[in-house]
2 protein chains.
Amino acid sequence: MNKNKIQYGNRGMSLEDDLNLTNQYYLERQMAVVHKKPTPVQIVKVDYPKRSQAKITEAYYRRASTTDYNGVFQGKYIDFEAKETHNVNLLPLKNFHDHQIKHMRQVMMQQGICFIIVKFSKKQDVYLLDAGILIRYWDLQQTGGRKSIPRETIEREGHLVPQSYLPRLDYLSIVKQVYL
Amino acid sequence: MNKNKIQYGNRGMSLEDDLNLTNQYYLERQMAVVHKKPTPVQIVKVDYPKRSQAKITEAYYRRASTTDYNGVFQGKYIDFEAKETHNVNLLPLKNFHDHQIKHMRQVMMQQGICFIIVKFSKKQDVYLLDAGILIRYWDLQQTGGRKSIPRETIEREGHLVPQSYLPRLDYLSIVKQVYL
Ligand SMILES: [Mg+2]
Ligand SMILES: [Mg+2]
């Protein structure tokens with residue numbers, strides 16, 4: 001991939017920005033309804049000043065118990081987590097935590113469509129990988145297996161997500177191929 | 001409904017508490033994966049004290065652009081909003097806002113299962129009402145129609161949700177009847 005492609009193709013936007021724009025595109029065209037969940041926050045103290053809006057003055061980030069994105073596509077439930085890595089050749093499993101993996105298992109048991117979207121930020125390529133493959137690596141790790149998913153696995157068992165100006169990351173085209 | 005039923009049946013828990021317990025029950029039994037979305041908060045200022053967790057010191061509540069709950073049931077997308085009212089004979093439409101109604105329309109267009117769960121807190125009875133009926137009243141209101149949904153409509157076109165100790169509010173039993 002050459003320098004131009006990096007400059008014009010993605011222009012330094014984060015994976016999350018690109019996914020939000022993509023979801024907005026899908027929403028406007030009635031192709032899918034997918035939203036990012038709000039960041040979970042534990043609210044401790046709130047001020048209610050007169051004649052103005054409530055102000056939260058003490059709060060803490062909570063660990064998410066689910067994944068980042070979910071929604072509906074042709075009646076079916078879609079659920080995914082997005083991860084960006086600076087590593088060139090692998091996706092470290094420490095990018096995920098227990099609760100997220102547990103949630104993905106639950107979604108798969110319930111026949112939901114569940115995957116991760118991985119961006120290798122150096123090359124700026126993005127892959128969709130079924131959650132089952134992540135879970136396989138996760139479980140192997142528990143019994144002494146490697147602490148990351150190799151890029152080759154993601155290339156071979158995942159699917160390159162088409163990038164363009166609109167939609168930025170057409171992951172729905174992959175979902176149609178793989179899950180319908 | 002007599003006094004005993006009020007005392008022992010629900011014991012003053014909020015609709016949200018009851019739904020959260022119900023969802024936990026469904027989750028543990030692999031019947032469905034449904035979560036309440038975190039309250040959306042706009043974070044303005046964060047302190048990062050040494051050797052302790054990040055503290056949010058200025059934040060504001062944002063208006064939710066979707067409904068409160070969503071998830072998956074047998075592969076299908078489920079989406080609902082929960083509302084409690086002290087009114088005895090009606091559910092005021094001012095309990096909903098534009099964004100939520102828009103979201104419900106989008107979900108229905110995408111063939112998701114979409115409804116509201118309404119609790120009349122005086123009598124403590126709870127109904128599941130398809131989002132299509134709410135939207136019908138919402139649209140009529142725009143052209144001079146009434147500003148609420150009468151209780152009789154909810155009784156007639158909705159479905160009484162069974163209450164027990166476990167699960168507290170068995171809305172899934174209604175979903176199976178009505179949507180599958
Ligand atoms: Mg993420
Ligand atoms: Mg609500």
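Okay, residues lined up against (1) under 30 Å from B:Asn23 (Cα atoms); (2) surrounded by fewer than 18 Cβ atoms within 10 Å (Cβ to Cβ):
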position	(1), (2)
A:Asp18	no, no
A:Lys37	yes, yes
A:Val41	yes, no
A:Phe96	yes, no
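Go through the stretch B:62-72 and give me each residue that's more than 14 Å from ligand 2 (Cβ to nearest atom) and not in a strand (DSSP E or B).
Selection gives B:Arg62 alone.
Can you tell me which of (1) part of a helix (DSSP H, G or I); (2) within 14 Å of the chain's Cα centre (by Cα) is the one B:Glu155 doesn't meet?
(2)
When residues of the stretch A:114-133 are filtered for being surrounded by 22 or more Cβ atoms within 10 Å (Cβ to Cβ) and farther than 14 Å from A:Tyr171 by Cα, how many remain?
Adding up the residues that qualify gives 1.
Consider A:Arg168 carefully, then state whether it is more than 16 Å from ligand 1 (Cβ to nearest atom), at pLDDT 95 or above and either over 15 Å from the mean Cα position of the chain (by Cα) or within 14 Å of another protein chain (Cβ to nearest Cβ) (or both).
No; evaluated as a whole, the condition is false for this residue.
For (1) touching a helix residue (DSSP H, G or I) at 6+ places or on another chain (Cβ under 7 Å); (2) at pLDDT below 95, each residue gets a yes or a no:
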{"residue": "B:Lys50", "(1), (2)": "no, yes"}
{"residue": "B:Gln53", "(1), (2)": "no, yes"}
{"residue": "B:Thr57", "(1), (2)": "no, no"}
{"residue": "B:Arg63", "(1), (2)": "yes, yes"}
{"residue": "B:Gly75", "(1), (2)": "no, no"}
{"residue": "B:Lys83", "(1), (2)": "yes, no"}
{"residue": "B:Pro92", "(1), (2)": "no, no"}
{"residue": "B:Gly112", "(1), (2)": "no, no"}
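Could you please tell me which pairs satisfy a Cβ distance under 6 Å, a separation of 6+ or placement on different chains, a first residue in the stretch B:14-26 that is within 13 Å of chain A (Cβ to nearest Cβ), and a second residue that is more than 10 Å from ligand 2 (Cβ to nearest atom)?
Cβ pairs passing all conditions: B:Asn23/B:Val34; B:Tyr26/B:Ala32.
Condition test on A:Lys94, is it closer than 25 Å to A:Met109 by Cα and either facing another protein chain (nearest Cβ under 7 Å) or hydroxyl-bearing (Ser, Thr, Tyr) (or both)?
So A:Lys94 fails the test.
Within the stretch A:149-169, track down each residue that is in contact (Cβ under 8 Å) with a residue 40 or more places away in the chain, surrounded by 14 or more Cβ atoms within 10 Å (Cβ to Cβ) and of a type outside the set (Lys, Arg).
A:Ile149, A:Ile154, A:Gly158, A:Val161, A:Gln163, A:Pro167, A:Leu169
Here are the criteria: (1) surrounded by fewer than 16 Cβ atoms within 10 Å (Cβ to Cβ); (2) over 22 Å from B:Val107 (Cβ atoms); (3) within 10 Å of chain B (Cβ to nearest Cβ). Tell me which single one A:Gln30 does not satisfy.
Condition (2) is where A:Gln30 drops out.
Show the residue pairs meeting these rules: Cβ distance below 7 Å; 6+ apart or different chains; first residue within the stretch A:65-77 and more than 7 Å from every other protein chain (Cβ to nearest Cβ) and touching a residue at least 12 places away in the same chain (Cβ under 8 Å); second residue assigned to a loop (DSSP other than H, G, I, E, B) and within 16 Å of ligand 2 (Cβ to nearest atom).
A:Asp68/A:Lys37
Can you tell me how many residues within the stretch B:94-111 are over 14 Å from the mean Cα position of the chain (by Cα) and under 28 Å from B:Met13 (Cβ atoms)?
Qualifying residue count for the region: 3.
Considering only residues of the stretch A:125-152 that are touching a Lys or Arg at 6+ places or on another chain (Cβ under 9 Å) and not in a strand (DSSP E or B), which is nearest to A:Val178 (Cα to Cα)?
Once the filter is applied, the top-ranked residue is A:Ala131.
Do we find a residue being within 7 Å of chain A (Cβ to nearest Cβ), more than 18 Å from the chain's Cα centre (by Cα) and assigned to a loop (DSSP other than H, G, I, E, B) anywhere in the stretch B:34-53?
Among the residues of the stretch B:34-53, at least one is within 7 Å of chain A (Cβ to nearest Cβ), more than 18 Å from the chain's Cα centre (by Cα) and assigned to a loop (DSSP other than H, G, I, E, B), which makes the answer yes.
Return a yes/no flag: does the stretch B:134-144 have any residue that is closer than 21 Å to B:Leu169 by Cα and more than 8 Å from chain A (Cβ to nearest Cβ).
Checking the stretch B:134-144: at least one residue is closer than 21 Å to B:Leu169 by Cα and more than 8 Å from chain A (Cβ to nearest Cβ).
The values are calculated or read from the model by the stated rules, or taken from the named source; none is laboratory data. Keep in mind that this is a model prediction, so the values were computed, not measured. Note that each Cβ is placed from the backbone with ideal geometry, even for glycine, and that neighbours are counted across all protein chains shown.
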